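Peer 1: First the structure, then my questions, so here it is.
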Amino acid sequence: MRYDTIRWKTGKAELIDQRLLPAKTVYVACKSAEDIYEAIKKMKIRGAPAIGVAASYGVYLGVRTSRAKDFKSFNKELKKVSKYIAGSRPTARNLFWALERMERAAGRNKDKPLKEVKALLLKEAHAILAEDVEMCRQIGENGKKLLRRKMNVLTHCNAGSLATGGYGTALGVIFSSRGKVRRVYVDETRPLLQGARLTAWELRRQRIPATLICDNMAASLMAKGKIGCVVVGADRIAANGDTANKIGTYSLAVLADYHKVPFYVAAPHSTFDLSLADGSSIPIEERSLEEVKKINGRYITPKDIEAFNPAFDVTPAKLITAFITERGIIVKPNRKKIKRAGKA
């Protein structure tokens, strides 16, 4: 079952406010670039591919009422909007990939009337959404080749339909492997509980057997031989395969390596950043300390305690068994294979 995480209704982009799940499924309307910026910044929408799709609509919404008289002036406005949206979150490569694609789409059509350029930008945003859904489906088809029958799978954070234009990356592999997967173990994923709130919700709706665990329980399950593989998504993948994903992913990769459990990363080509030699250059977002100190708006700690809240960590390529992309599976990743998979 695919959820319309993002959908276009005349004059506006509508997206599920993921902060309210699983209690409520509410769509919020975004009618401007500012609305899209706020939605990404405040995590109404999250997940690298989904952020990219939202950003593409944000570019269109930001320039659709432009009164520019020529392309040069129009393009200046477009780049300003793009730069503004780029400031919403720093880590997810898909955000910048989508913004760059929208800028290229405008440039290709610079000789056309500006009214037509605007229409083509909306068409490009629609294409980014549709392509993302299909890429995720192919990721799922490729990934199911790696899963054995009656396998227990561990996943971290949320990399399902909610984190993409539709279908999912890591969960896409699980959805496509229906019948093979015996059970999915779901990390709660502190501090914002994307696993407990979102992944658990998606798996229940798909009627896939799932067990929620605290983040610190994974080692115990692996030691008992209860995890057949780990499948996670990604927010940015460097040219050497170092991978940024939700905080806690690195810990899982170390545990998987120690217990000889395959560790798979599922991501589309839009997540690869070939401009970065390795993970040391990936920008890591640090979020509000209140996210660590509160749950559902209530303090669970002394109010004056210091806290640390990086949203992501970087898993070294040597700990990754394989990348699952829409273009195929990269086993024993190296720069040459990653360059091929990440090309535009």
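Peer 1: Within the range 173-187, is even one residue in contact with a His (Cβ under 9 Å, 6 or more places away or on another chain) and closer than 21 Å to GLY328 by Cβ?
Peer 2: No, because not a single residue in the range 173-187 is in contact with a His (Cβ under 9 Å, 6 or more places away or on another chain) and closer than 21 Å to GLY328 by Cβ.
Peer 1: May I ask you to list the residues in the range 146-165 that are farther than 17 Å from THR325 by Cβ and of a type in the set (Ser, Thr, Tyr)?
Peer 2: THR155, SER161
Peer 1: Let me ask something additional. Taking the range 72-106 as the region of interest, how many residues are out of contact with any helix residue (DSSP H, G or I) (no Cβ under 7 Å at 6 or more places or on another chain) and under 22 Å from SER275 (Cβ atoms)?
Peer 2: 6
Peer 1: Every residue in the range 1-48 that is of a type in the set (Lys, Arg) and in a strand (DSSP E or B), please.
Peer 2: Answer for the range 1-48, where residues must be of a type in the set (Lys, Arg) and in a strand (DSSP E or B): ARG7, LYS9, LYS12.
Peer 1: Now for a separate question. Determine, yes or no, whether ALA341 is surrounded by 12 or more Cβ atoms within 10 Å (Cβ to Cβ) and at pLDDT 95 or above.
Peer 2: The answer is no for ALA341.
One line per residue, one yes/no per condition, for (1) farther than 22 Å from LEU146 by Cα; (2) at pLDDT 95 or above; (3) surrounded by fewer than 21 Cβ atoms within 10 Å (Cβ to Cβ):
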{"residue": "ILE208", "(1), (2), (3)": "no, yes, yes"}
{"residue": "SER220", "(1), (2), (3)": "yes, yes, yes"}
{"residue": "LYS224", "(1), (2), (3)": "no, yes, yes"}
{"residue": "GLY233", "(1), (2), (3)": "no, yes, no"}
{"residue": "ILE247", "(1), (2), (3)": "yes, yes, no"}
{"residue": "LEU252", "(1), (2), (3)": "no, yes, no"}
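Peer 1: Among the candidates ILE40, ILE45, single out the residue that is in contact with a strand residue (DSSP E or B) (Cβ under 7 Å, 6 or more places away or on another chain) and in contact (Cβ under 8 Å) with a residue 12 or more places away in the chain.
Peer 2: ILE45
The rows are residues; the columns are (1) in the same structural domain as LEU99 (by TED's automatic domain parsing); (2) within 21 Å of CYS214 (Cα to Cα); (3) in contact with a Lys or Arg (Cβ under 6 Å, 6 or more places away or on another chain); (4) not aromatic (Phe, Trp, Tyr).
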position	(1), (2), (3), (4)
TYR250	no, yes, no, no
TYR264	no, yes, no, no
SER275	no, no, no, yes
ASP278	no, no, no, yes
ILE284	no, no, no, yes
SER288	no, no, no, yes
LYS294	no, yes, no, yes
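Peer 1: Would you mention how many residues in the range 262-298 are β-branched (Val, Ile, Thr) and either surrounded by fewer than 21 Cβ atoms within 10 Å (Cβ to Cβ) or at pLDDT below 95 (or both)?
Peer 2: 3
Peer 1: Still on this structure, I have one more. May I ask you to list the residues in the range 200-230 that are touching a Leu at 6+ places or on another chain (Cβ under 7 Å), in contact (Cβ under 8 Å) with a residue 40 or more places away in the chain and over 19 Å from HIS259 (Cβ atoms)?
Peer 2: Passing the criteria: ALA200, TRP201, GLU202.
Peer 1: OK, next. Return only the number of the condition from (1) more than 28 Å from LYS110 (Cβ to Cβ); (2) surrounded by 15 or more Cβ atoms within 10 Å (Cβ to Cβ) that GLY62 does not satisfy.
Peer 2: That leaves (1) as the condition not met.
Peer 1: Moving on. May I ask you to list the residues in the range 183-194 that are free of Cβ contacts under 8 Å to residues at least 40 places away in the same chain and either part of a strand (DSSP E or B) or crowded, with 23+ Cβ neighbours inside 10 Å (or both)?
Peer 2: The answer is ARG183, VAL184, VAL186.
Peer 1: Kindly indicate which of SER66, SER56 is in contact with a helix residue (DSSP H, G or I) (Cβ under 7 Å, 6 or more places away or on another chain), in a loop (DSSP other than H, G, I, E, B) and hydroxyl-bearing (Ser, Thr, Tyr).
Peer 2: SER66
Peer 1: Mind counting the residues in the range 82-108 that are of a type outside the set (Phe, Trp, Tyr), part of a helix (DSSP H, G or I) and under 22 Å from the mean Cα position of the chain (by Cα)?
Peer 2: The qualifying residues number 13.
Peer 1: Say we look at the range 299-338 and pick out the residues that are among the small types (Gly, Ala, Ser) and not in a loop (DSSP other than H, G, I, E, B); which of these is surrounded by the most Cβ atoms within 10 Å (Cβ to Cβ)?
Peer 2: ALA317
Peer 1: Looking only at the range 290-344, filter to residues that are within 30 Å of ILE139 (Cβ to Cβ) and acidic (Asp, Glu); which one of those is farthest from the chain's Cα centre (by Cα)?
Peer 2: Selected residue: GLU291.
Peer 1: Among SER73, SER88, SER56, which is the only one that is farther than 18 Å from LEU162 by Cα, surrounded by 15 or more Cβ atoms within 10 Å (Cβ to Cβ) and among the polar types (S, T, N, Q)?
Peer 2: After ruling out the rest, the residue left standing is SER88.
The values are calculated or read from the model by the stated rules, or taken from the named source; none is laboratory data. All figures in this text were calculated on a predicted structure; none of them were measured in a lab. Neighbour counts run over all protein chains shown; Cβ positions are idealised from the backbone, glycine included.
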